[in-house]
Amino acid sequence: MIFGKTIVITGAASGIGQRTAELAADLGADVYAVDMNAPATPVGHFLQADLSTQEGVSALAQALPARLDALCNVAGLSGQSGAVPTLSVNFYGLRALSQLLAPKLREGGAVVNVASIAGFGWRANLDRAKALVDVPGFPDVAEVVAENDVKDEEGYPVSKELLVLWTLRAAHEARFKDRGIRVNAVSPGPVETPILEQFREVLGDARVNSDIERVGRAGTSQDIAPTILFLCSDAARWINGANIPVDGGLEASVSAEVLGF
Ligand SMILES: NC(=O)c1ccc[n+]([C@@H]2O[C@H](COP(=O)([O-])OP(=O)(O)OC[C@H]3O[C@@H](n4cnc5c(N)ncnc54)[C@H](O)[C@@H]3O)[C@@H](O)[C@H]2O)c1
């Protein structure tokens, strides 16, 4: 399915990104593993990059090979460090990297964004999401956060709402669409990785425990990685602009509650 493909995976030093990199390599892909931290057990080619700044994103784009099959945007922050770094890494840096790499992606290639059930509110908060997605390029994120009054505790859910909205739009952005590059998202529920402990601090134990209880257990990185790689593969050739929940049924449960069915 992905044998022989050249796949860039960000956030590859830990959790979901690390597992995605390992599985991709096991399945015969040529993996470019990107992270700000060096992985304990390197897979493929490791490239150190800080995706929170335009400089970091540009340097990475230059260092990557000229021809790529897929980009998996997995790197992310929990929101614990505040709205500015969180929006920088989880949305503006991710979008800047995807747009910069578009010319290197082959026709029929793929971009896969790891969003979250935390982005569920994008429709309810559409005006805010549109305003923040409409800010072009890699802006001065501190200015954007101040102008739009994004509170630190909202940084994580807002970043994922923007990512889901942009995924749907990007599927129809000429730079991707005209060359048959599909753009999709995967939205996990709670997953046992180092970030989950930070979510407990940001969201509170009650919220995290209730999400886990709704579906019986937390996910693992092994539960998420196969869907990310499926979306990179040609088997997903007719899936575009989709946001696929991989959460044991959590989104269905939240939808039932919010929509009242
Ligand atoms: N674990 C969960 O419960 C959960 C749930 C829903 C969505 N997600 C999303 O899944 C993705 C992966 O998270 P995870 O659970 O594997 O967490 P993790 O903390 O294990 O991994 C995140 C990785 O991103 C890297 N990273 C952070 N900032 C970076 C930067 N500026 N430049 C480069 N790399 C950077 C970190 O070094 C780390 O290796 C994130 O986008 C997260 O929001 C996680």
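Would you mind ranking 41, 6 so that the residue whose beta carbon has the fewest other beta carbons within 10 Å leads the list?
Ranking 41, 6 by Cβ neighbours within 10 Å, fewest first, gives 41, 6.
Exposed loop sites here are trypsin sites (Lys or Arg not before Pro) in DSSP loop states with at most 15 other C-beta atoms within 10 Å. What is the longest stretch of the chain lacking them? Present the calculation step by step, with values, prior to reporting the outcome.
On the way: sites that count: 67, 123, 151, 179, 217, 237.
Answer from the scan: 1-66.
What does the charge count around residue 165 come to, taking other residues whose C-beta lies under 14 Å from its C-beta (Lys +1, Arg +1, Asp -1, Glu -1)?
On the way: positive: 95, 123, 128, 130, 160, 169; negative: 127, 134, 161, 173.
In short, +2.
Does the chain come out rounded, prolate or oblate, given a ≥ b ≥ c as the square roots of the eigenvalues of its C-alpha gyration tensor, rounded meaning a/c under 1.5 and, failing that, prolate meaning a/b above b/c?
It comes out rounded by the Cα gyration axes.
Sort segment 188-261 into rounded, prolate or oblate with this rule: let a ≥ b ≥ c be the square roots of the eigenvalues of the Cα gyration tensor; rounded if a/c is under 1.5, and if a/c is not under 1.5, prolate when a/b is larger than b/c, oblate otherwise.
Numbers: a/c = 2.55, a/b = 1.43, b/c = 1.78.
It comes out oblate by the Cα gyration axes.
Among 98, 88, which comes first, second and so on when ranked by fewest other beta-carbon atoms within 10 Å?
Details: 98 25, 88 29.
Neighbour counts put them in this order, fewest first: 98, 88.
What is the sum of charges around residue 120, taking Lys and Arg as +1, Asp and Glu as -1, for the other residues whose C-beta is under 15 Å from the C-beta of residue 120? Don't jump to the answer; show the numbers that get you there.
Values: positive: 123, 128, 160, 207, 214; negative: 154, 161, 211, 247, 251, 257.
Here the charged neighbours net out to -1.
Taking the simple approach of a point 7 Å from Cα along Cα-to-Cβ for both residue 256 and residue 173, what is their distance in nm?
A separation of 3.7 nm, rounded to one decimal place.
Go through segment 55-64 residue by residue and turn each phi into a ³J(HN,Hα) via Karplus (6.51, -1.76, 1.60, θ = phi - 60°); whole Hz please, and just put x for glycine and proline.
Per-residue couplings from phi come out as 4, x, 5, 5, 5, 5, 4, 5, 6, 7 Hz.
Counting other beta carbons within 10 Å of each residue's own, what order do 3, 46 fall into, fewest first? Can you show the working numbers first?
Details: 3 9, 46 16.
Ascending Cβ contact count within 10 Å gives the list 3, 46.
Using only the alpha-carbon atoms, what does segment 1-65 span along each of its principal axes? Please give whole angstrom values in decreasing order.
Computed over the Cα atoms, the extents are 33, 23, 14 Å.
Roughly how many nanometres apart are two label points built 7 Å out from the Cα toward the Cβ at residue 1 and residue 26?
Once both label points are built, they end up 1.2 nm from each other.
Hey, which of these cross-link pairs are over 22 Å Cα-Cα: 104/130; 104/177; 130/160; 5/177? Mind showing how you got there, number by number?
Numbers: 104/130 28 Å; 104/177 14 Å; 130/160 13 Å; 5/177 20 Å.
Checking Cα-Cα distances, 104/130 exceed 22 Å.
Counting pairwise Cα distances across segment 54-172, what percent come out greater than 17 angstrom?
On the way: 3734 of 7021 pairs.
Distances greater than 17 Å cover 53 percent of the Cα pairs.
For residue 191, enumerate residues with amide H under 5 Å from its amide H, sequence gap 5+ or separate chain, H modeled in the peptide plane.
Here 219 satisfy the definition.
Given R₀ = 45 Å, FRET efficiency for residue 123-residue 222 by Cβ-Cβ distance, to 0.05? Kindly include the intermediate steps, with their values, before the conclusion.
On the way: r = 30 Å, r/R0 = 0.67.
After rounding, the FRET efficiency stands at 0.90.
We did not get these values from a lab; they are worked out from the coordinates using the rules stated. Everything numeric here is computed off the predicted structure, so don't read it as measured data. Heads up, the Cβs are rebuilt from the backbone with ideal geometry, glycines too, and the neighbour counts pull from every protein chain shown.
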